[in-house]
Each structure stands twice: as C-alpha cells, then as structure tokens.
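Undergrad: Sharing a structure here in structure tokens format.
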Amino acid sequence: PPSSSSSSSSSSSFSPPSSSFDDYSSFSLAANSPPLLNSSIFDEDRLEVLRSGGRLSKVLLPHELVRVQQHLRVLHISPAQQQKIALFYKRMLPAFELSCKALAHLPRSAAPEIGFFGRSNVGKSSLMNEVLTSKKKLVHSSSTPGHTQALNFFSLRISSPRSPPAMYLVDMPGYGYAKAPKNAKNEWLSVMHNYLHTRQQLKRVFVLIDARRGIGKKDREFLDDLLPFGIVVQVVLTKMDKLSRRERESVVVDTQRQVDELPNALAAVLETSAKTRDGVQHMRAAILIAAGLV
C-alpha cells in the first residue's frame, strides 16, 4: 500500500478549507492510487459488504474477515455522488431523537445507523455538532469525563420534520475514565455491547482518536474487541489543529500503520478538527457512503 504521508492533508499547512462547505470535489484525492479491491482472492459477497459499508456476516470468524483495507486508502466519489452529498446536507433537518439505556428503547425504524465512539474528552460531541449543523449545538459537550452514559440517537430527516428518518447518528458512551459509579458504567457498557452485537441497522462505527495521543492501548483494545461483531470501522483523528506539521505527519503514519493491521477497518484515516472544521466535508461524505445513501 502507498505511504500515508502522501496524503495532501498531512503535508500541507493545517487551516480551514477555502472552498465552499458544500464542495466535496476534493474528496477524491489520488489519481494514481492502486485498485480499490483485489477481487481475485476474495468472495464476491464479502467484497460487496465492504463496498456498501455494511455488516459482515456473523458466521465469519475473526480470522476470516477479509483484508482489503490496503486497497481502500482513498475513498473515490464521483461527481454525481458529490452532488447528492451536497444536496443531502443542504436539505437535512437534524434533531435529537432519543436516549437509550436499554435495547427495548431503540428506534423501531429500519433506517441505517452510524456510531461515533472514542475515549472520554476525545472531542466526539464537538465533531458531531459540526457534522450535524453549524447553526446550533445539538450534541451536548462536557468537560466531565464520561458525560455520555447512554446511546443517544440523532435523526437526519430530509426537507420535512414529519418525514421518516433517512438515517441516525449514534453518540455512544466513551471508554476510559468516567466520573460515574461502577455499577452504572457496567450497565451502559452492557447495553452498548449488546447493541454492537445485535443491531443490524448499525452500518459502521467511527472510532475517534485524539491526534495528540494517537492510538493508545485502550483504543487498540476496543478496535480489537469489535472484530467478533463483524462491524466495519473507520478511524478518525480529532484535534489535528493542535499539532505542528511534523507532529501531524508522525501521528498519521503511526495511525495508518496500526489501521493496516486491522482486518475490519477501512484504510482511509480521516483527519479532522472541529475548531477549524477541516475534514468535516470528508466526514460527512464518509457517513453517507457508510449508510448506503449515495
């Protein structure tokens, strides 16, 4: 696979994009990238699952999960897809839907769900707010570790608040230190574990990593724990604006190396900053691709 340091975002100065927020043309990055998929050694049905961003079959054992992420380092988006993505977010009506502390309370909709997960204080709420809307803060952020203690669902409807949800973004409880009783932590971890294991609507989990720390032991343990669930994951680096150019290049290379070792992870590591909104267009595009809406 090509070196991750060839990415334009890791070699240029880190500043807010000058193009329109609805311009997704820069998302197709590499004209000389390798083939997206080497289909000669993989079953077509398994490849189709990865193409669509869906859940891999539960009958597959972890060691049987296909290893094609090295061919997916760049997500290619056609001009037609770019237009669909821009139109979706222009017409989108985001709203907080519900908070679930038990599986019985999950939405009964068949709409696709995209999970956001990461360590406490990784910047999850801030990034989700930038993805959802730039006008108001739907996802509550807190300086207290472990603030999210349930599965919080945010619906994305098109044009009318009465229309059925096109998809949900799911704010999941973080891992690491949480200022909460042990029994409470065990309860929400149990709910989240069962959600990951059984929820067919869950199409992808974006695992957020603080760029200042990179993938740590707890992060890697969680990524490895997702293997038996057959869930396709994508790693997102947050707070990139807080690093120097040399630090950014180093963390991207190290993150890419570890992602390449994960058979259920897409190789395209997303680099973001909620403060400068850099990478938000790419994040929005990746979400719709994962949900199968473009």
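Undergrad: What ranking do 113-122, 244-253 get when scored by the average of other Cβ atoms within 10 Å per residue, highest first?
TA: 113-122, 244-253
Undergrad: Ignoring ligands, DNA and RNA, what accessible area per residue does the range 180-223 give at 1.4 Å, in Å²?
TA: 49 Å²
Undergrad: If the chain between residue 221 and residue 83 were fully stretched, how many nm would it gain, using 0.36 nm times the residue separation less the Cα-Cα distance?
TA: Result for the pair: 45.9 nm of gain on full extension.
Undergrad: Still on this structure, please answer the following. Compute, for the range 216-294, the length of the dipole vector about the Cα centre, with Cβ point charges of +1 (Lys, Arg) and -1 (Asp, Glu) only. Units Debye, rounded to 20.
TA: On the way: 12 positive and 12 negative charges, 82 e Å.
It works out to roughly 400 debye.
Undergrad: How big is the range 172-294 on each of its three principal axes, counting only the C-alpha atoms and giving the largest first in Å?
TA: The Cα atoms of the range 172-294 stretch 42, 37, 28 Å along their principal axes.
Undergrad: May I ask you to list the residues of the range 79-109 whose amide nitrogen lies under 15 Å from a point 7 Å from Cα along the Cα→beta-carbon direction of residue 194?
TA: Residues 100-107 qualify, since their backbone N sits under 15 Å from the label point.
Undergrad: Any idea of residue 101's accessible area? Nearest 10 Å², probe 1.4 Å.
TA: 140 Å²
Undergrad: A further question follows. Please report the relative contact order for the range 169-294, taking Cα pairs under 8 Å with a sequence separation of at least 6, and give it as a percent rounded to a whole number.
TA: In percent, rounded to a whole number, it is 23.
Undergrad: Multiplying the sequence separation of residue 159 and residue 246 by 0.36 nm and subtracting their Cα-Cα distance, what value in nm do you get? Don't skip to the end; give the middle numbers.
TA: Working: separation 87, 0.36 × 87 = 31.32 nm, distance 4.35 nm.
Computed gain between residue 159 and residue 246 is 27.0 nm.
Undergrad: Here is the link list: 124/218; 90/137; 90/242. Which ones come out longer than 20 Å on Cα distance? It would help to have the intermediate numbers written out before the result.
TA: Working: 124/218 16 Å; 90/137 17 Å; 90/242 29 Å.
Pairs exceeding the cut-off: 90/242.
The values are calculated or read from the model by the stated rules, or taken from the named source; none is laboratory data. Being a predicted model, the structure only gives us computed values, none of them experimental. Virtual Cβ from ideal backbone geometry, glycine too; neighbours counted across all protein chains shown. Ligands, DNA and RNA are excluded from the accessible area calculation, which covers all protein heavy atoms including side chains. Shrake-Rupley method; radii C 1.70, N 1.55, O 1.52, S 1.80 Å.
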